[in-house]
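Okay, so here's the structure we're looking at.
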Amino acid sequence: MSRVILHIDMDSFFCSVERALNPLLEGKPLMVGGSPSGRGVVVAATYDVKAKGVRQGMPAARAVRLAPEAIILPSRHPIYTQISAGILGVLSTFTSAIEPASIDESYLDVSDVSGGFSGAARIGLRIRSAIRDRYHLPASVGIGPSRAVAKIASVHAKPDGIQVIPPERMRSFLDPLPVSNLGGVGPKSAETLSNLGIRTIGDLITAGEKRLVRLFGEKGATLFRRALGEEITPIVAWYESADPKSMSNETTLAADTEDGDTLGAALLWLSEKLAARIRSAGFLGKVFTMKIRFSDFTTIDKRRTLTVPTDDEKTIYSMAKRTLRLHRKGRKVRLVGVGLSGLRRRTSVQEEFGFDRGRSRRLRSIEVFDAVRRRFGREKLKKARLL
C-alpha cells in the first residue's frame, strides 16, 4: 500500500511572521536580513520580491538594487523559532508521525489516520485552517505517496494552497517536470544529466537504475527511487528525533580579507562559540565541518571524521585553521563557518570510549569557564587574542 505523506511548507515564513505581528506590513514587499549598508544578506523575501530575482543568501545591497521598493527588516530568529515550535504543536494534534525538515517545513505520515488521499486532502485543509486561526500565517500543503512527491506537490501549491498527487496521477504529473525538481538534484547534477539527454523526471526513469548508479553511485539508486515515488525512509516522530544531528556557527567578515590574524581570530571566536553550545547541550561531535566563501562568492564545504568525538574548541580551532590553510590558496575570504555533526549524547560516548571528563584538568577548566560565562556573559571572559 502507498504511504500518504504531507509536506507542510510555511510560505515566506519569516516575512509572514513579520506581517502577522504588524498588520501595516500586509501586502507590502518585504525582505528579512542584514543591513544593505554593511555585509548583510537576505534570509527571506516575499514572493513579489523573489519575482525580481532576489534570493536567499544574496547580499542585501544587491537585493535592494533589484527591489528598491521592498522594506528590509532585521531577523528576529528567537520569535520565528518560538512560532515554529507552536506550529509543531498544532501538527501534533493530527498525527504523532511528524518530522521537521527545517524551521518552516515538516513532513507528516497520515497513512494510518487519513483513510486515503481524499481523507488526506481534508486533513491538509484542516491543518492550513488551524495554523491560520492560531498564528495568522499562510501554509502550502503537498500530498503524495512519498516525501519527494509531497515536496514537489507543495512547491506547486504555493502560495497558500494545497496540491494532491495520488499514485494514479503521479506519472502524468511528475514525468514532464525538469529533473531539477527532484530532491538531491543540484545544478551540477542537473547539468551532468542534461548533457546525457536526461532533462525530465520521466527521462530519469527511462535511463534506468543501473545507468544512474554508474553515474552517481549509491546516490543514483536513491534518485531513481525518488523519481518512482517510493518512500525511502519512514517518517521519524519529532519527539523521537528531538536531539539535533549537527550544530554550526558562521560569520560574514566585515571586509573580504586574506589577513591571517583576522581570519584566525574569526575562527577562534566561532570555535569557542560552537564548543560552548555543544557542551551546554550535552553532546559530542564525530564529524568536523567547515564552510569557506571567497570574495568571488565561490563556496566550499569540507568535512572530516574524527577518531574520537569532541566538544573542545582547541580541536575545532586546530582543524579549522588547517582546513583554511589547505584551501584558501591566497584568495580573499568573505565568510567562514565551523560545525560538528554526527552528534551523540556525551554519556553514551563516555561509555563507548572509556574516558572520564573528570580526569582531564583542561576539560575541568573549560567547564569552569563555561559556568562563568553563563552567569556573567561571554564578553566577561575571553582569550586575549579576541580582545
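The values are calculated or read from the model by the stated rules, or taken from the named source; none is laboratory data. None of the values given here were measured: they were computed from a predicted structure. No Cβ is skipped: glycine too gets one built from the backbone with ideal geometry, and neighbour counts run over all protein chains shown. Note: areas computed on protein heavy atoms with side chains; ligands, DNA, RNA excluded. Shrake-Rupley method; radii C 1.70, N 1.55, O 1.52, S 1.80 Å.
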### Selected residue [modelled with pLDDT of 95 or more and of a type outside the set (Ser, Thr, Tyr)] from Gln163, Gln82
Gln163
### Message
Just to confirm my filter: which helices (runs of 4 or more DSSP H) fall fully inside the range 297-387 and include at least 2 residues that are out of contact with any strand residue (DSSP E or B) (no Cβ under 6 Å at 6 or more places or on another chain), at pLDDT below 90 and open to solvent by less than 30 Å² (accessible area, probe 1.4 Å)?
### Response
361-376
### Task
Look at Ile232 and say whether it is under 30 Å from Val110 (Cβ atoms) and buried (at least 16 other Cβ atoms within 10 Å of the Cβ).
no
## Note on the structure
Inside the range 112-156, the number of residues satisfying the requirement of being more than 19 Å from the chain's Cα centre (by Cα), open to solvent by 10 Å² or more (accessible area, probe 1.4 Å), within 20 Å of Leu174 (Cβ to Cβ) and aliphatic (A, V, I, L, M) is 1
### Query
Of these, Leu270, Leu253, which one is of a type outside the set (Asp, Glu), touching a residue at least 24 places away in the same chain (Cβ under 8 Å) and in contact with a Lys or Arg (Cβ under 7 Å, 6 or more places away or on another chain)?
Leu253
### Query
Can you pull out the residues in the range 251-273 that are over 22 Å from Gly40 (Cβ atoms) and open to solvent by less than 30 Å² (accessible area, probe 1.4 Å)?
Gly264, Leu268, Ser271, Glu272
### Message
Pairs please, first residue from the range 201-226 and touching a residue at least 40 places away in the same chain (Cβ under 8 Å) and aliphatic (A, V, I, L, M), second anywhere and assigned to a helix (DSSP H, G or I) and open to solvent by 20 Å² or more (accessible area, probe 1.4 Å), Cβ atoms under 7 Å, 6+ apart in sequence or on different chains.
### Response
Leu223/Phe216
### Task
Within the range 174-186, identify whether any single residue is open to solvent by 70 Å² or more (accessible area, probe 1.4 Å), out of contact with any helix residue (DSSP H, G or I) (no Cβ under 8 Å at 6 or more places or on another chain) and of a type outside the set (A, V, I, L, M, F, W, C), and answer yes or no.
no
### Query
Can you name the residue in the range 278-293 that is outside any helix (DSSP H, G or I) and touching a helix residue (DSSP H, G or I) at 6+ places or on another chain (Cβ under 8 Å) and is also surrounded by the fewest Cβ atoms within 10 Å (Cβ to Cβ) among such residues?
Gly282
### Query
If only one of Leu215, Leu204, Leu196 is farther than 19 Å from Gly142 by Cα, open to solvent by 60 Å² or more (accessible area, probe 1.4 Å) and modelled with pLDDT of 90 or more, which one is it?
Leu196
